[in-house]
1. Taking the Cα centre as origin and putting +1 on Lys and Arg beta-carbons and -1 on Asp and Glu beta-carbons, what dipole magnitude results for the stretch A:505-598, to the nearest 20 debye?
2. 222 nm [θ] for chain A, helices only, -39500 (n - 2.57) per DSSP H run of 4+, per residue, to 500?
3. What does the charge count around residue A:325 come to, taking other residues whose C-beta lies under 13 Å from its C-beta (Lys +1, Arg +1, Asp -1, Glu -1)?
4. So, by mean Cβ neighbours within 10 angstrom, what's the order for A:292-298, A:677-683 with the highest one leading?
5. Can you grab the distance from the C-alpha centre of the stretch A:53-118 to the C-alpha centre of the stretch A:660-684, Å, no decimals?
6. If you project the alpha carbons of chain B onto their three principal axes, what span does each projection cover, largest first, in Å?
7. Under a Cβ-only charge scheme (Lys and Arg +1, Asp and Glu -1), can you give me the dipole magnitude of chain A about the Cα centre, in debye to the nearest 20?
8. First select every other residue whose beta carbon is under 12 angstrom from the beta carbon of residue A:538; then total the charges, Lys and Arg +1, Asp and Glu -1.
Amino acid sequence: MSAPDSTTGTQAGHQPAARPRSGSGRYIGQRVPRKEDSRLLTGRGQFVDDITLPGMLHVAFARSPIARGRIVSIDTDVARDIAGVHAIYTQQDLAPFNVDLLSFYLVPPEVETTPLANGRVAYVGEPIALVIADSRPVAEDAASLIEVVFAEEDPVVTIDDARRGMPVHPGAEDNIAAQMGEEEIDEDLQAQLDGAPHLITHRVVHQRISQSPMETRGVVATRDGAEELTLYITCQSPHLVARWVSLALGLPQTAIRVIAKDVGGGFGLKNHPWMEETAVILAAQLFNRPLKWIEDRYENLIAANQAREQEMVLQIALDDEGKLIASHGDYSVNNGAYPQLSECNIAVHMFVWAAYKMPRYGFLTRGWYTNTVGYAAYRGPWAMESLIRETALDVAARRIGIDPIELRRRNLVTLQDQPTTSCMDIPLEDITPAECLEKLLQAFDVSAFRKEQEAGRLQGRHLGLGIATYVEPTGAAGAITTMTGELAQVRIEPTGKVTATMSTHSQGHGTATTMAQIFADRLGVAYEDVTVFEGDSSRGGFSPGAAGSRQGVIAGGAAIMAADLLATRVRQLAAHLLEAEVDAITVDDGMVHVEGAPDKSRSLAEIASTAYGEPDRLPPGFEAGLEAQYRYQPPPMTFSSAANACVVEVDIDTGFVKILRWISSEDCGTAINPSVVEGQIAGGLAQAIGMVLLEEVRFDARGNPLAATYKDYHLPAISDVPDFEFVHASTPSQSVGGMRGVGEGGAIIGAPALVNAIADALAPFGEVPVDLPLTPTKILGVIEGRDLRSKPDSDQHQFIAEHTAAGPQVEVPATAAGTADQTAAPADIRVDGDWNMVLSTPMGPQEMTGHFETDGQALSGYLSSPEGQMEFTGTVEGGNLKFDLKVQKPMKITLKYTLAVNGDKIAGKCKMGIFGSAKVSGTRA
Amino acid sequence: MSKHTIEMTINGRRHTADVESRVSLSDFLREDAGYTGVHIGCDHGVCGACTVMVNGEAVRGCLMLAVQADGARVTTVEGLAAPDGTLHPVQAALRDEHGLQCGFCTPGIVMTMAALSAREKRPTEEQLLNALSGHLCRCTGYQGIRRAARKLASPEPAESTGGDSV
């Protein structure tokens, strides 16, 4: 079995044989029914709450009713006396396990994060105590009787609060969770912005979102003796959960098996366990009985990690022809108190102009801690880049007086422009947003719409057209420790049936279907004769499952490669048994044929039976059985592209938006199953409709969540979502099979398409501030801000710049001075020695060890990481260190470190050329 | 907490149990009777995943107490397909039209459409869609569900197109 070329990540040696008939295979490209549906439609799915184990007990949590404060006392006496209660644990009981809640990158969080509250609470809903009881109702009864006394403090709730308020985490200097980029705009860039014929300053406020998988979080944990731990858990990859639990709980000697056969949606929330799941797993070990915790919807809406809540200001300089000159972005995201990853979302800036000919871009990006539930991923976590760019371009088009489609045509990167490199150094070889846009316009008659729009306005109807284009990096593998290739293991059983074990995981993705289509197609068997197993960490190999639109691309490539290896073995064996040339052997519909000799045809079952049971008949050196496996390492990144058109009518009396038409024109390369592809796009578009019109997690000034049920948090219903029309461009990608990822695209492009349509409809009333969700109240505010009867005049096109502050403002972070928790002791500034440090790079946190030696004001030492060790010299003054490191990979760049030592902690920044500044933190080794 | 003895017919089988008065019908069906196809998505009557048929009517299992179903005829999603495994027309339509992804909300959607389809007069598309507006699905964007509803509503089953290509 040949290994992929590990230096380039490509499959050059296999490419000719591996490239399939794109979209035209017997099963690849067909809308076959899904393998998963029969059990799910008849109530025979196996979700975590469907698991019952002998001796199993139930868990409920006592949670914080306040957003911020010190825990003075916890009294569990009354609760313990309830009949049916077995145990109540607090962090004191779990502390001996010494657990680190790791991020998706498998590194410890930047702030100490414990499974249960550790002396303080930092958000409403934070778990304080865990009750084990005979049943869930009894556990809830007892949890409600736990008495906690708090010394309440004023919370920091919004991003604005975080800028000015007391640090959420005691001992911290400010509320900045993560920061990259330049705090002041580069002089040259500023001059370009100031000197441009047109400068658009566009602000977007994106509300907080609850991922809201229909199945909430949940886990059943059972410790089976000292060496075995079995978890049934809702997740996005059983393999990633097993790896996370092994590392986070420090259980290298334990055989961990994670089973998740059916999962009711993930959308980023279920990437890995968090506080409650971890507490249950630890409690199962302490109490030594199987435990089940199923989150209820109230818990899910207030205490499961949430997403988005961002503010961004984008400045765009354009010339009179609408050509892009330069741009700057200032972005902030609310990380909550204990984010799954302290995040400033560098991907927003990496990709904001990837599809456009933008000469220059600068940015400042920051994540902020607040007293709210922590930040986690949600489908297309960097989607702000498309939302703000595409809505800003429409503002620019109105301002300059250019058709928004023409503005895009003048600036999009076309196939003819490639290969090229974006202003953020992203290599582009085959993105097709411009081509998707032209395909879209073949399906939608814009001039006819404009006539209808004009006629409608005379009758008081307000129609609007929104166009948006985008590209999305998918199928990423290799840059982040958890983002790996995928493994396919396939065999032709002695019965002739095909079974495969995949590293994939479906939370609705239908991977057991699409992978079966590939195996059936490539092995020449009926789709019905293929079974794909997944959803169990004891089967298959590691992969992060659903994370970043990747399974179709990478696992699809793995399935093709493994199937082709196996098909070769089948032909070799058949040629030997049937006394024919290998090239004369074909396999079709489970039958093995010899070209020109129909009498020699045999069933695959007969050949397979021989392969396993009659070793004497095998060719010399032929390994018995018919099995193969392949781990596919794709190119580092595979881009998908799309253009969408959305038509709305806004009722100017009620402020309600009705979506009249929506066309998605996307390029996801080879579509293994177009119905599955369209299902992914449609699901994402519906979530985008929720983001633009309906959904919002809000808090009051004390940090109390105001959306605690689905009556307060409005998910889109069938009546909110139109019929989507689909156009597929299908340009094969460079990866094996030619697939491109399609999991997140709808959620990314849908929002700007819809916002642009609403803004177009309301253009006679002025610009619509992009402050999501655009509720009827907000829309009426725009409408009633003007005299509805007035004739359009030159003032009509108000611009967002007039609705908002003129641009990014330099914030002065609050300091910790005066907090009760600050110690008065003088700073301890011992620099010399070894330090464990984490550099928050654009590709995720990078762990390294630092060695420092001081001699007066001279500093010397080295930084050591798995990539190697690099020495440096620099200066030291007090506890402040400065040194530079020149690196060659991935590009020539000088890293300028500025660090400060305080006691056993070290913190500071690393300036990384065009990537701006990254945060460094660490502790004494 | 006091217990009550109740008896009901679930999917054609008689079931007797002692339950606390506070137990919801959905919890009872899942935990006492073992019909785990009844899914609990919100437990406050909005999402519709727990919908079952009680005496032929679609009912949210989380909004009804088990004791209120004493003596009733209850059908869950497990009770729809024929004994030989042939799917109910609603189930078949959802499969053919790719009307589900994760499948968690699906049992409730199946039961609502099946209850309407069981009436003497075949439901119109509008009736089906109105009823379905009380169900939340986070995965599909409702495209396949709507196609399935159209198929079930029309007098002649439409050809499956899988998508609305333009």
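The values are calculated or read from the model by the stated rules, or taken from the named source; none is laboratory data. Note that the coordinates shown come from a computational prediction; the quantities given were computed from them, not determined experimentally. Please note: Cβ atoms are built from the backbone with ideal geometry, for glycine as well, and neighbour counts cover all protein chains shown. Ligands, DNA and RNA are excluded from the accessible area calculation, which covers all protein heavy atoms including side chains. Shrake-Rupley method; radii C 1.70, N 1.55, O 1.52, S 1.80 Å.
1. So the magnitude is around 480 debye.
2. -7000 deg cm²/dmol
3. Summing Lys and Arg as +1 and Asp and Glu as -1 gives -1.
4. Output ranking for A:292-298, A:677-683: A:677-683, A:292-298.
5. Distance between centres, Cα-based: 43 Å.
6. Extents along the principal axes: 61, 29, 26 Å.
7. 900
8. -1
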